[in-house]
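A short write-up of the structure that comes next.
The values are calculated or read from the model by the stated rules, or taken from the named source; none is laboratory data. As the structure is a computational prediction, the values presented were derived from the model and not from experiment. FYI the Cβ positions are ideal-geometry reconstructions off the backbone, even for glycines, and counts take in every protein chain you see.
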Amino acid sequence: MQFLTQSSTYFTTLPVIVDHKRKFEADENLTEGPEIKKICLSDQTNIEPGDDSNDEFREIVEQTHWITLEKFDELLMSQIVQTKKFGDRIKLVKNFFSRKGEQFELWIEVDAEKGQIVKLIFSETKFKSTALHRKKFLESKLNPDQKHFYMEVYEATETVALKPILEVYASKLGNYGELTSIKKGTRFTGSEVYSIYQRIETIFNTKRTFLYDDALLGIESPKLKVEVGSYPLRMFDALASLDDEGKSWYERKGFLPIACRNFPMLDEKPWNGGTITQKNAKAYRLAISTVRKTKLKDLLRLLEEFPESVESVKHLMAKYQKDGESTIHQLAWSIGEDCRIPDQAYRCMRDFELFHAMAIHNFEPPEGELSKADKSFFNALTILNEYCLFQKKAS
């Protein structure tokens, strides 16, 4: 799954102010049933005739309806929350969106002052998860060739859907779903994208929604403007957060660790052999706590067979003024605090990348007999590194 990138996690995205003020009105000719109305762009716009780009825009407006977020909530979401059956909610979406070939589309003006526009595309398609195997999403009562419902959200301008910021799946009868991808946009912060996801979550309301987290937080060089490194965002949350449980953002939103044995995965994930086996949530929380509380002097001792790792950890300890009695969490938290300062973020993110690569990512236990505490540490480290599957149950 893809997640929020660097700037959305640590900084507030500065809004780009553009003149997107438009007048919207209900078109009575587009009424679908007694209470559902499609909203289209009014003829009273500031588009001038004779411009090729305007002609393109008019063509799109004729085919696809626009709506403000306020009207979207008022006219569609108010009906969705009162509709219990999954199939009936899907019908509401199809009736409300504009049909374009085999898919249904809707453009939403989220915030005119910020120039925030999204394009929603709803379709029935083959399952295209980046990690999970489709057989886990098959409804047992239906044909094996069944398709799945798929909602894509693109950040957009007046005429063009620029880039995907959200992808969500639901099985044919609504028993299973997946939050496949969520990431910030150019004008949308991560929190604002999640707010859009909450509406889709309400529409689908699948009994079990899965989230597979193999996301890396990209580090962009401020000078080169290219990505020069990365580390698992989940690992940063686990080790550096003030939250004693080290919960990720999605755990705080209700996605919980899932205990499973031989959960089917795509064969393209070679490190798990096509399946995942995970311990329960209690074991995951204990693993995070064990690693966080490990003292740096014990970490250095366990790294003795890796001189480069020892030197890297000592360098970071000196830089962030930590001694051997300090814990892994205390060092990670100090790095994380500086990561939230804009003019220090790049350097500190590279420091956390170094710490993760040299001291947290899987490394072999030293030879010889291990104490009970050392065994617990390595067991916890294994769980922490390999845990990646979470789920949220319908309310």
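On inspection, Lys141 qualifies as more than 23 Å from the chain's Cα centre (by Cα) and of a type in the set (Lys, Arg). Among the residues of segment 338-395, which ones are assigned to a helix (DSSP H, G or I), small (Gly, Ala, Ser) and over 24 Å from the mean Cα position of the chain (by Cα)? Result: Ala359, Ala373, Ser376, Ala380.
Inspection of segment 276-284 finds no residue satisfying the criterion of being at pLDDT 95 or above, in contact with a strand residue (DSSP E or B) (Cβ under 7 Å, 6 or more places away or on another chain) and not assigned by TED's automatic domain parsing to the domain that holds Cys339.
For (1) touching a residue at least 24 places away in the same chain (Cβ under 8 Å); (2) within 18 Å of Gly177 (Cα to Cα); (3) of a type in the set (A, V, I, L, M), each residue gets a yes or a no:
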| site | (1), (2), (3) |
| --- | --- |
| Tyr212 | yes, yes, no |
| Glu220 | yes, no, no |
| Lys223 | no, no, no |
| Val226 | no, no, yes |
| Lys247 | no, no, no |
| Glu251 | yes, yes, no |
| Cys260 | yes, yes, no |
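Ile67 meets all of the listed conditions (1) surrounded by fewer than 17 Cβ atoms within 10 Å (Cβ to Cβ); (2) part of a strand (DSSP E or B) but one, namely (1). All conditions but one from (1) surrounded by fewer than 20 Cβ atoms within 10 Å (Cβ to Cβ); (2) in a strand (DSSP E or B); (3) out of contact with any helix residue (DSSP H, G or I) (no Cβ under 6 Å at 6 or more places or on another chain) apply to Gln146; the one that does not is (2). Right, Thr125: out of contact with any strand residue (DSSP E or B) (no Cβ under 9 Å at 6 or more places or on another chain) and hydroxyl-bearing (Ser, Thr, Tyr) or not? Answer is no for this residue.
Could you please find all residues in segment 229-245 being over 19 Å from the mean Cα position of the chain (by Cα) and without any contact (Cβ under 8 Å) to a residue 40 or more places away in the chain? Within segment 229-245, just Asp243 meets the criteria. Listed by position, the strands (runs of 3 or more DSSP E) contained in segment 83-125 that have at least 2 residues being under 21 Å from the mean Cα position of the chain (by Cα), touching a residue at least 60 places away in the same chain (Cβ under 8 Å) and closer than 22 Å to Ser195 by Cβ are 116-125. If you check Pro264 against the conditions, is it closer than 20 Å to Glu386 by Cβ, in contact with a Lys or Arg (Cβ under 6 Å, 6 or more places away or on another chain) and assigned by TED's automatic domain parsing to the domain that holds Asp243? Yes; evaluated as a whole, the condition is true for this residue. Looking at this structure, is Leu76 crowded, with 18+ Cβ neighbours inside 10 Å, at pLDDT 95 or above, over 22 Å from the mean Cα position of the chain (by Cα) and not aromatic (Phe, Trp, Tyr)? Yes, satisfied. Within segment 130-156, residues that are under 14 Å from Met265 (Cα atoms) sit with their Cβ atoms under 7 Å from residues that are among the aliphatic types (A, V, I, L, M) and part of a strand (DSSP E or B), at 6+ positions apart or across chains, in these pairs: Ala131/Met265; Leu132/Met265; His133/Met265. The single condition among (1) surrounded by 19 or more Cβ atoms within 10 Å (Cβ to Cβ); (2) assigned by TED's automatic domain parsing to the domain that holds Ser123; (3) at negative phi that Leu239 does not meet is (2). In segment 321-332 there is at least one residue matching the filter, namely being on the phi > 0 side of the Ramachandran plot and without any contact (Cβ under 8 Å) to a residue 40 or more places away in the chain.
Pairs meeting the criteria (first residue in segment 157-172 and closer than 16 Å to Leu106 by Cβ, second residue at pLDDT below 85 and among the hydrophobic types (A, V, I, L, M, F, W, C), beta carbons under 8 Å, at least 6 apart or on different chains) are Glu158/Phe57; Thr159/Phe57; Thr159/Ile60. Among the residues of segment 161-209, those that are of a type in the set (Phe, Trp, Tyr) and closer than 14 Å to Tyr150 by Cα comprise Tyr169, Tyr176, Tyr197, Phe204.
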